[in-house]
Amino acid sequence: MLPPKPVAAGIVALSFVALLYLIELVDVIVPADLDMGGVTARSLSGLDGILWAPLLHHGWSHLFANTVPVLVFAFLAMAGGIGQWVAVTATIWIVGGLGVWLTAPAGVVTVGASGLAFGWLAFLLVRGIFNRSIAQLLVAVVLMFIWGGMLWGVLPGNPGISWQGHLFGALGGVLAAWIVARTDKTKAAKTPGSLGA
């Protein structure tokens, strides 16, 4: 349910958010227009934006809006350990970025960590189903109660907000939860004294 090393998990989550703030500060101070390094749909030159987009934001208000979800979901997603979190985050990052690159409007540059937040939330919501874990399902119920309205962000409707990033980030989170559950079952089946399904 919670990270096995909560202090370390908290430091990782806070450090990631601090990095986002540092990058935004650099973007404000240095006239380099870092936001243009985001994902540009179906453009070969914009493909490398998949690597940078979650680290970039369109101003402080955009970053402020993502801060609490990123902190909370990143922390909770470390319940399987920091190593697993890195793999889950990489899956969400790549699936979300590729989805944006394939489906966003042409010529639009997409940035922001909200795709990661949606991915971690989706991961947390479905992992209990794949793992058949009551404790994880209870966490999912609490998260749905508090953050469930956020899921409407995967649908088109709000101009200026990348529903594609939200949708494909969430799909990346579901994929990551499935991969983690399969990996855990394989490990359990290979452990002496355990029964395989």
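For L56, the residues whose modelled amide H falls within less than 5 Å of its own, excluding neighbours fewer than 5 places apart on the same chain, are G112.
In the chain, the longest principal axis of the Cα atoms and the axis of helix 114-131 are about 10 degrees apart. Along region 4-17 the Karplus relation, 6.51 cos²θ - 1.76 cosθ + 1.60 evaluated at θ = phi - 60°, assigns HN-Hα couplings of x, 10, x, 5, 4, 5, x, 5, 5, 4, 5, 5, 4, 5 Hz to successive residues, with x for each Gly and Pro.
When peptides 20-31, 113-124 are ranked by their average number of other Cβ atoms within 10 Å per residue, the highest-first order is 113-124, 20-31.
Based on alpha carbons, the Rg and Dmax found for region 38-98 are 13.2, 37 Å. 3J(HN,Hα) along region 69-74: x, 4, 4, 5, 6, 4 Hz, from the Karplus curve 6.51 cos²θ - 1.76 cosθ + 1.60 with θ = phi - 60°, whole Hz, x for Gly and Pro.
The alpha carbons of region 1-105 occupy a box of 41, 31, 19 Å along the principal axes, longest dimension given first.
Taking the average, over residues, of other Cβ atoms within 10 Å as the packing measure, peptides 76-84, 56-64 rank 76-84, 56-64 from highest down. Count Lys and Arg as plus one, Asp and Glu as minus one, and take only other residues whose Cβ is under 12 Å from that of G112; the net charge is then -2.
Using a cut-off of under 13 Å, list every residue of region 62-83 whose amide N is near the label point 7 Å from the Cα of I161 along the Cα-to-beta-carbon line. Zone members listed by number: 62, 65-66. Label sites at K187 and L98, each approximated as a point 7 angstrom past Cα along Cα to Cβ, lie 2.4 nm apart.
Karplus-derived 3J(HN,Hα) values for region 29-40, using 6.51 cos²θ - 1.76 cosθ + 1.60 with θ = phi - 60°, are 6, 8, x, 9, 6, 4, 4, 6, x, x, 7, 10 Hz; glycine and proline are entered as x. Give me the angle, in degrees from 0 to 90, between the Cα long axis of helix 163-190 and the longest principal axis of the Cα atoms of the chain, rounded to the nearest 10. So the helix axis and the longest Cα principal axis differ by about 30 degrees.
Quick one: if you stick a label point 7 Å off each Cα along the C-beta vector at V142 and V26, how many nm between them? In this crude label model, V142 to V26 measures out at 3.6 nm. Amide hydrogen proximity for V109: with H placed 1.01 Å from N in the peptide plane, no residue at 5 or more positions away or on another chain lies under 5 Å.
Counting Lys and Arg as +1 and Asp and Glu as -1, each charge on the Cβ, what is the dipole of the chain about the Cα centre in debye, to the nearest 20?
940 debye
Here, each number is a calculation from the coordinates, and none is a lab measurement. All figures in this text were calculated on a predicted structure; none of them were measured in a lab. FYI the Cβ positions are ideal-geometry reconstructions off the backbone, even for glycines, and counts take in every protein chain you see.
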